[in-house]
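Visitor: Mind having a look at this structure? Questions to follow.
The values are calculated or read from the model by the stated rules, or taken from the named source; none is laboratory data. Note that the structure is predicted; figures quoted are calculated from it, not measured. Neighbour counts are summed over all protein chains in view; Cβ atoms, including those assigned to glycine, are modelled from backbone coordinates with ideal geometry. We work out accessible area using only protein heavy atoms, side chains counted, and drop any ligands, DNA or RNA first. Shrake-Rupley method; radii C 1.70, N 1.55, O 1.52, S 1.80 Å.
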Amino acid sequence: MNSFEFNKMAGAVLGTALVVFGLKALAGVIYHAEKPEKPGYLIEVAAAATGTEAGNAEQPAALSLGTLLASADATKGQTMAKACAACHDFTKGGPNKVGPNLWGVVMRNHAAHPDFAYSEDMKSHAAEPWTLEALNTFISAPKKVMPGTKMGFGGLKNDKSRADLLAYLNTLSDKPQPLPAP
């Protein structure tokens, strides 16, 4: 390759760079963005009404677990459990996945499913059974209830949805437990 060919290639590269930087400078003149006073967006959240703010209005009483379970739909719970199936198996004698198999979980002791590596926090509750009340509390906020748990799920906040899921989990047994009275 002679020097004339090299000069043409170098000129093309430098010319392209000059055009790119020139267009960037021209775009900066045409499209000028003002800097905001405060970076980010303000998200406004309505303050929770207290007795004094709401004219001393009383908050509705939370429904008992028995009342929620009386109107729960296990079929809806089974549909909701499909999201849980990513980490748990629901079949009798089924394998452990990322989480333990949940067949017969109601009234089974904490950390009792064989061949699953439970967290130390879960093992510390091994003598306690998974009652419907305990499951309800745990499913609502696993990391708050048991900070050392390996369960990465954020929790199911909706009472009705949790009751549907609990009704389904209760059916996963040879002898389902009686539901608490409303």
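Visitor: Ignoring ligands, DNA and RNA, what percent of the accessible area of the chain is carbon or sulfur (1.4 Å)?
Guide: Here it works out to 63 percent.
Visitor: As a test question: what accessible area, to the nearest 10 Å², does S140 have when a 1.4 Å probe is rolled over all protein chains in place?
Guide: Counting only protein heavy atoms, the figure is 30 Å².
Visitor: Over the chain, with the other protein chains present, what is the accessible area per residue in square angstrom, probe 1.4 angstrom?
Guide: Using a 1.4 Å probe on heavy atoms only, each residue of the chain averages 70 Å².
Visitor: Sticking with this one: Summing +1 for each Lys or Arg and -1 for each Asp or Glu, what net charge is found among the other residues whose Cβ lies under 15 Å from the Cβ of T149?
Guide: That works out to +1.
Visitor: Classify region 84-182 as rounded, prolate or oblate from the Cα gyration tensor: take a ≥ b ≥ c as the square roots of its eigenvalues, call it rounded if a/c is under 1.5, otherwise prolate when a/b beats b/c and oblate if not.
Guide: It is rounded, given that a/c, with a ≥ b ≥ c, falls under 1.5.
Visitor: To the nearest 10 Å², what's K157's accessible area with a 1.4 Å probe?
Guide: Ignoring ligands and nucleic acids, K157 comes out at about 140 Å².
Visitor: Let me ask something additional. Run the helix sum for the chain: -39,500 (n - 2.57) per DSSP H stretch of 4+ residues, divided by residue count, reported at 222 nm to the nearest 500 deg cm²/dmol.
Guide: -12500 deg cm²/dmol
Visitor: Could you pull out every one of the aspartates and glutamates with an alpha carbon less than 20 Å from that of K143, ignoring same-chain neighbours closer than 8 positions?
Guide: E120, D121, E128, E133, D159
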